[in-house]
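Peer 1: Before I ask anything, let me first share the structure, which is written out below as structure tokens.
The values are calculated or read from the model by the stated rules, or taken from the named source; none is laboratory data. Values in this document were obtained by computation on a predicted structure and should not be read as measured data. Here the Cβ positions follow ideal geometry from the backbone for every residue, glycine too, while neighbour counts run over all protein chains shown.
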Amino acid sequence: MNEDSRKIDRLEQQIARLEQSIQSLDNRISRLESAAPERTGSLATPTAQMEIAGSAEEKLPKMTTLNLEQRIGEYWFGQLGIVILIIGLIFFITYTFAEFPPLWQAIVGYGITAGIYGISRVKTDRFKLLANLLLPGSLFLLYFVTLRMHFFREFPIIGNKTLALSLLIVVLGVQCFVAVRHRSQFLAAIPVLLGYTTALLSDTHHFALITILATSVVAALFLSIYHWQVLGIGSIFLSYLGFLLYLLNNPLLGKQIQILPEHDWILVYLLAALVVFALVSFRPRVNEYLNTTARILLTTVNSSGFYLVGFLVTFQFFRSQLDLWNFIFFGILFTIAIANWTIRKSKYSTSFYASFGYIALTVGILTATEVPDLYLWLAWQSALVIGTAIWFRSGIIVWANLGIYTLVFAIYLLTGNYSWLVNFNFVLVALGSERVLAFSRGRFLTFPRIFQYIYLVTGYPLLVFGLSLVLPAPYVSIGWLAASVVYFGGGYVLDIPSYRIMGIGGFLLTVARIFLIDLASLELIYRVFSFLLVGLGLLVVGFLYARRR
């Protein structure tokens, strides 16, 4: 009993503590409720709510205006001010101290550069943005002052051009170090841009080419390691632009635009640049740091720049071997395409390298063969492209091939150099391509169905035109009728509506011919046979459709 009594006493104590806690909570709630009416009352009326909402709306534009004003004043004006300041300092160093000895001008320039760099090291949070803007300005000034040690002076401080260029390379290295230390794409763009500038300003054959290539390597490393996409893709464009300007006699220095008298082995440097930028795509997990647009631009700018400049070089210096060089370009670009597919399964890189490779192959065929043989080769090239499109699972290559095929087809029709053999080759390629695309669509490739119809439509006119070239006039209508029967019969047996429609179109075309041409030009016996055969063919078609109903 004593133990039960103790338990009851403990429970009563716990209940008493709970009652005290509940009472204290009630008191707090009462105090909150007594204070709430004043606040809620002011919010309860719609008028009060509208007044508060109106005051908030009045404050919001002011805050937005303040933010825009702050952005314009601190960011935009700050950046514009730094640019203008640097330009002013360049004029100040160049002309204000024009009467000073050249060495003193350089000392003053380096002193101003050191001062601006020192200000950029300020760590105060309030002026941190302006300090960061001064850093690239100091890097530009450092390059300019060093450049003026030899270039653009009547009496250079450093007379040895090699030494002056070496100092500029050191400055570029310092700029790269600063960019990497700050992990800044904007700062890294400075040595890349000035590297290409140094190459062209040097006006020295192999040094210029080596500097362009070395700058391209640095830019490719920046892209691969730090994932600076804008800098990397821009550097590809600047690289091939640098090679082009070098080839055109460096017109930036005021020289006359003309092709250099010697090739200076520029093709070797072009190939090295192509490989350097192509290797970026083989870095592990490249899709994680290069978006789709960047990967497409990386491939297209690299392959197109290489081929365009390479074509100009070979056209100027190796014109007698132009076909061979285009076949070499095709082999290089197609090899890179195969590597991208087998190693990375990269759809975009594979497609664009292969497409530009086929452009080179087309040019090679055009320069290696003559009419009408070149059309035979170009027609079968189209079949080859379709085959590789299936291998690479690339609808992009199908688009490119359709463009090349259509262009060749149009040129063939416009030139007037017709041949029945070329016609029949086009027909075979067109029909074969259409059937391969029909089989591959949805399985291996994705493309609009109209692509198949384009091949089909271009094939039939060439077939009937080829029959007109090879057959005697009395048998042309019979040949057209036979072609229509083949198209319609194949479509009927294989259940291909497009072939049946082409066959029906062929029948109508044959009927038009026998009434408009054969009646007026053929002998009676041939007219009789033509009408009998065409009439019989049309009856068979009608019977087959009636049977299907």
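Peer 1: What number of residues within region 218-240 are out of contact with any helix residue (DSSP H, G or I) (no Cβ under 6 Å at 6 or more places or on another chain) and touching a residue at least 40 places away in the same chain (Cβ under 8 Å)?
Peer 2: 4
Peer 1: Let me ask something else. From the residues in region 480-532 that are part of a loop (DSSP other than H, G, I, E, B) and of a type outside the set (Asp, Glu), which one is surrounded by the most Cβ atoms within 10 Å (Cβ to Cβ)?
Peer 2: That would be Leu522.
Peer 1: Please verify whether region 380-395 includes one or more residues that are part of a loop (DSSP other than H, G, I, E, B) and closer than 17 Å to Phe352 by Cβ.
Peer 2: Taking every residue of region 380-395 in turn, at least one turns out to be part of a loop (DSSP other than H, G, I, E, B) and closer than 17 Å to Phe352 by Cβ.
Peer 1: Can you pull out the residues in region 121-148 that are touching a Pro at 6+ places or on another chain (Cβ under 9 Å) and either under 23 Å from Ala188 (Cβ atoms) or modelled with pLDDT of 85 or more (or both)?
Peer 2: Leu139, Tyr143 - these are the residues of region 121-148 that are touching a Pro at 6+ places or on another chain (Cβ under 9 Å) and either under 23 Å from Ala188 (Cβ atoms) or modelled with pLDDT of 85 or more (or both).
Peer 1: Let me ask something additional. I'm trying to understand the selection: among the residues of region 190-207, which are assigned to a helix (DSSP H, G or I) and more than 22 Å from Leu139 (Cβ to Cβ)?
Peer 2: Hits for region 190-207 are His205, His206, Phe207.
Peer 1: Right, something else. Would you be able to say whether some residue in region 241-250 is of a type outside the set (Asp, Glu), over 26 Å from Ile328 (Cβ atoms) and at pLDDT below 90?
Peer 2: For region 241-250, residues of a type outside the set (Asp, Glu), over 26 Å from Ile328 (Cβ atoms) and at pLDDT below 90: present.
Peer 1: Among all residue pairs at least 6 apart or on different chains, which show Cβ distances below 7 Å where the first residue, located in region 520-541, is basic (Lys, Arg) and the second is surrounded by fewer than 17 Cβ atoms within 10 Å (Cβ to Cβ) and in a helix (DSSP H, G or I)?
Peer 2: Short answer, once both residue conditions are applied: Arg527/Leu519.
Peer 1: State yes or no: is Leu290 among the aliphatic types (A, V, I, L, M) and closer than 21 Å to Ile190 by Cα?
Peer 2: no
Peer 1: Being buried (at least 17 other Cβ atoms within 10 Å of the Cβ), in the same structural domain as Thr300 (by TED's automatic domain parsing) and over 26 Å from Tyr289 (Cα atoms) is true for just one of Leu165, Leu253, Leu187. Which residue is that?
Peer 2: Leu165
Peer 1: Assuming Leu384 fulfils every condition listed in (1) of a type in the set (A, V, I, L, M); (2) touching a residue at least 40 places away in the same chain (Cβ under 8 Å); (3) farther than 21 Å from Leu290 by Cβ apart from one, which condition is it?
Peer 2: Among (1) of a type in the set (A, V, I, L, M); (2) touching a residue at least 40 places away in the same chain (Cβ under 8 Å); (3) farther than 21 Å from Leu290 by Cβ, the lone unmet condition for Leu384 is (2).
Peer 1: A follow-up question, please. Could you identify the single residue in Phe352, Phe424, Phe356 that is at pLDDT below 80, outside the structural domain of Leu312 (by TED's automatic domain parsing) and part of a helix (DSSP H, G or I)? Reasoning before the result, please.
Peer 2: Details: Phe352 fails: at pLDDT below 80; Phe356 fails: at pLDDT below 80.
Sole residue among the options that is at pLDDT below 80, outside the structural domain of Leu312 (by TED's automatic domain parsing) and part of a helix (DSSP H, G or I): Phe424.
Peer 1: Does Ser440 satisfy the condition of being hydroxyl-bearing (Ser, Thr, Tyr) and at pLDDT 75 or above? Spell out how you get there, then give the answer.
Peer 2: Values: hydroxyl-bearing (Ser, Thr, Tyr): yes; at pLDDT 75 or above: no.
When the stated conditions are applied, Ser440 does not pass them.
Peer 1: For region 443-486, give me each residue that is under 42 Å from the mean Cα position of the chain (by Cα) and at pLDDT 80 or above. Walk me through it before giving the result.
Peer 2: Just the residues of region 443-486 that are under 42 Å from the mean Cα position of the chain (by Cα), to begin with: 443-466.
Passing the criteria: none in range.
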